[in-house]
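Undergrad: Please read through the structure below; I'll follow up with questions.
Derivation of every value follows stated rules applied to the coordinates shown; laboratory data play no part. Remember, it's a predicted structure, so these values are computed and weren't measured experimentally. Please note: Cβ atoms are built from the backbone with ideal geometry, for glycine as well, and neighbour counts cover all protein chains shown.
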Ligand SMILES: [Zn+2]
């Protein structure tokens, strides 16, 4: 018996939201997964479309928190796989020869507390999911494109925790929050000149102020991302205002 099977017997996989044991190693049981509502809109932030996988709610928040705060790899992979489906929509609607996925960074304090950079890991898993999901489709279509990631954004200054802030407070809090890694931009100047479709990546979009600041940082360097991609969306983009 291999180790992973033994571990499965000792610690059977369970749903991160309701705790029910599940057969396959997945983040959610089928009933919980069925409560997730696909996000089909394309709201604009800084005149670019936000693509997202599902609406924020109780189950979505359990998956996101486990990935983010408990370093739950199964949950992070689950988010990445759902986001790969949304990426396929971007590749379809905004065709490019290459894409550059840029994670929205957390604060340095949050990275230190967690011991890892959450959106960076999520973006790497997303690229893996995109490659395994789309590699066959790409071969069939003869329209090869590549997808890579670069950590071009970094926190420029300290920001407050956003949880209890209103939308205008969040916008003020995030203003000037990011700067671009000019060293990396210089190093990758040639490939950036070829105009890859830059896509900003985050796990959750609430008021859009964080994405808006990411867009602003790029535009200040005359780079214009083509879209934004998140696992889920809450707040002003949702009719029922689940945002918190
Ligand atoms: Zn469940």
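Undergrad: First measure r as the distance between the Cβ atoms of residue 35 and residue 151, then evaluate 1/(1 + (r/R0)^6) with R0 = 25 Å and state the FRET efficiency to the nearest 0.05.
TA: 0.15
Undergrad: Just to be sure I understand the model, the point goes 7 Å from the Cα along the line to the Cβ. What's the resulting residue 160 to residue 44 distance in nm?
TA: Label-label distance for residue 160 and residue 44, simple model: 3.1 nm.
Undergrad: Hey, fewest Cβ within 10 Å first, where do 33, 93 land in order?
TA: On the way: 33 18, 93 12.
Ranked by crowding around the Cβ, least crowded first: 93, 33.
Undergrad: Contact order normalised by length for segment 37-237, with contacts defined as Cα pairs under 8 Å and 6 or more residues apart; what percent is it?
TA: 30
Undergrad: So if R0 is 45 Å, what FRET efficiency would residue 173 and residue 3 give, r being the distance between their Cβ atoms, rounded to the nearest 0.05?
TA: 0.45
Undergrad: Could the peptides 224-233, 47-56, 61-70 be put in order, highest first, of the mean number of other beta-carbon atoms found within 10 Å of their residues?
TA: So the peptides 224-233, 47-56, 61-70, ranked by packing, come out 224-233, 47-56, 61-70.
Undergrad: Moving on. How far apart, in nanometres, would the label points at residue 108 and residue 183 be if each is projected 7 angstrom from Cα along the Cα-to-Cβ direction?
TA: With each label placed 7 Å out from Cα toward Cβ, I get 1.3 nm.
Undergrad: Rounded if a/c is under 1.5, else prolate if a/b beats b/c, else oblate: with a ≥ b ≥ c from the C-alpha gyration tensor eigenvalues square-rooted, which is segment 63-117?
TA: The shape class here is oblate.
Undergrad: Assuming a ≥ b ≥ c are the square roots of the Cα gyration tensor eigenvalues, decide whether segment 1-58 counts as rounded (a/c under 1.5), prolate (otherwise, with a/b larger than b/c) or oblate. Mind dumping the intermediate values first?
TA: On the way: a/c = 4.55, a/b = 2.57, b/c = 1.77.
Prolate, because a/c is 1.5 or more and a/b exceeds b/c.
Undergrad: Hey, can you rank 168-174, 99-105, 155-161, 73-79 by average C-beta count inside 10 Å, highest first?
TA: Packing proxy ranking, top to bottom: 99-105, 73-79, 168-174, 155-161.
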